[in-house]
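Please read the structure below before turning to the comments.
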Amino acid sequence: MAFTLPELPYAKDALMPYMSAETFEYHHGKHHLAYVNKANELAAGKKYETMSLEQAAIAAKKDGEQKLFNQIGQIYNHNLFWVSMAPNGGGAKMPGNLEKKIREDIGGYDALRAALLDKGTTQFGSGWAWLVLDNASGKLEVVSTGNAETPLTDNKTPLLTCDVWEHAYYIDYRNARPKFLEAWIDHLANWEHAAELLDKGPIKVAA
């Protein structure tokens, strides 16, 4: 099974003025596509070809196949990033199940917003800010990862992610990562999709 580039779930200009069509042309159409092509090249003839994306990410990490993992991790992370945003998203209004869980585990929306801003702005260099479900404790957490790393390989179920690599925001925000994160949380975050993933429960992958 070849790795593929998913279609965006909205038009390239649907998230304006917070994310431009030009950003999507480069980020989705060039960066993400490059990860897909390279992953297929590196996985050719290997066991990873027949695995799901989640299985391949966990297996490549476990096997020490770092070059391949970097590509697969970026595919997985970007796939979630696109659906972690929606037109008219963001803000404090969210489905009841997610709101309740955030209140119980993180302290409410304001605490979640502050934690996402902190993790995203303090992640040195390239990386990601995440809302995840810890599979062991069953509690929500806000974490960050560097480069292509994903909480998926740490026994956590990703629910929502924000890309803080420069190519995610430089066209629209130049070097102002905090402004990008604020816009993402306040106007783009797809809480409905995160709530759906929360309802599904922990990702269980046998790699």
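Bear in mind that the values in this text are calculations on the coordinates, not laboratory data. Computed from a predicted model, the values in this text were never measured in an experiment. Virtual Cβ from ideal backbone geometry, glycine too; neighbours counted across all protein chains shown.
Before moving on, here are some points about what is shown:
- Applied to the stretch 131-148, the Karplus parametrisation 6.51 cos²θ - 1.76 cosθ + 1.60 on θ = phi - 60° returns per-residue 3J(HN,Hα) values of 10, 10, 9, 6, 5, 6, 8, x, 9, 6, 9, 10, 9, 10, 9, x, 6, 9 Hz, with x for Gly and Pro.
- Ranking Gln66, Gly107, Tyr76 by how far each Cα lies toward the positive end of the dipole of the stretch 54-108 (charges on Cβ) leaves Gly107 at the top.
- Using distinct alpha-carbon pairs, which all enter the 1/r mean, Kirkwood radius of the stretch 96-200 in Å: 13.9 Å
- Taking amide H positions as modeled 1.01 Å from N, with prolines and chain starts lacking one, the residues under 5 Å from Asn135 and 5 or more places away or on another chain are Lys156, Thr157.
- Modelled spin labels at Asp186 and Arg174, positioned 7 Å past Cα toward Cβ, are 1.9 nm from each other.
- Counting beta carbons within 10 Å around each of Ser20, Ser52, Ser84 and listing the fewest first gives the order Ser52, Ser20, Ser84.
- Taking amide H atoms as placed 1.01 Å from N in the peptide plane, the amide H of Met85 lies under 5 Å from those of Asn190, each 5 or more residues away in sequence or on another chain.
- Pairs from Lys61/Lys119; Lys12/Lys38; Lys12/Lys204; Lys12/Lys61; Lys38/Lys139 whose Cα-Cα separation, in the structure shown, is over 28 Å: Lys12/Lys204; Lys12/Lys61; Lys38/Lys139
- Estimated inter-spin distance, Asp118 and Leu33, nm [label 7 Å along Cα→Cβ]: 4.0 nm
- Karplus-derived 3J(HN,Hα), 6.51/-1.76/1.60, for each residue of the stretch 88-104, Hz, glycine and proline x: 6, x, x, x, 7, 7, 8, x, x, 5, 6, 4, 5, 5, 5, 5, 5
- Between the residues Ala189, Gln55, Met19, the greatest Cα displacement towards the positive end of the dipole of the chain, with unit charges on the Cβ of Lys, Arg, Asp and Glu, is found for Gln55.
- Net dipole in debye of the stretch 45-174 [+1 Lys, Arg Cβ; -1 Asp, Glu Cβ; about Cα centre; nearest 20]: 120 debye
- Separation in nanometres of the label points that stand 7 Å from Cα toward Cβ, at Ser20 and Thr4: 3.1 nm
- log10 of Debye I(q)/I(0), alpha-carbon scatterers only, for the chain at 0.14, 0.19 Å⁻¹: -0.81, -1.46
- The order of Ser126, Ser137, going from fewest to most other C-beta atoms within 10 Å of their C-beta, is Ser137, Ser126.
- For the chain, calculated [θ]222 nm from helices alone, where every DSSP H run of n ≥ 4 adds -39500 (n - 2.57): -13000 deg cm²/dmol
- Lys12/Glu166 FRET efficiency (R0 25 Å; Cβ-Cβ; nearest 0.05): 0.80
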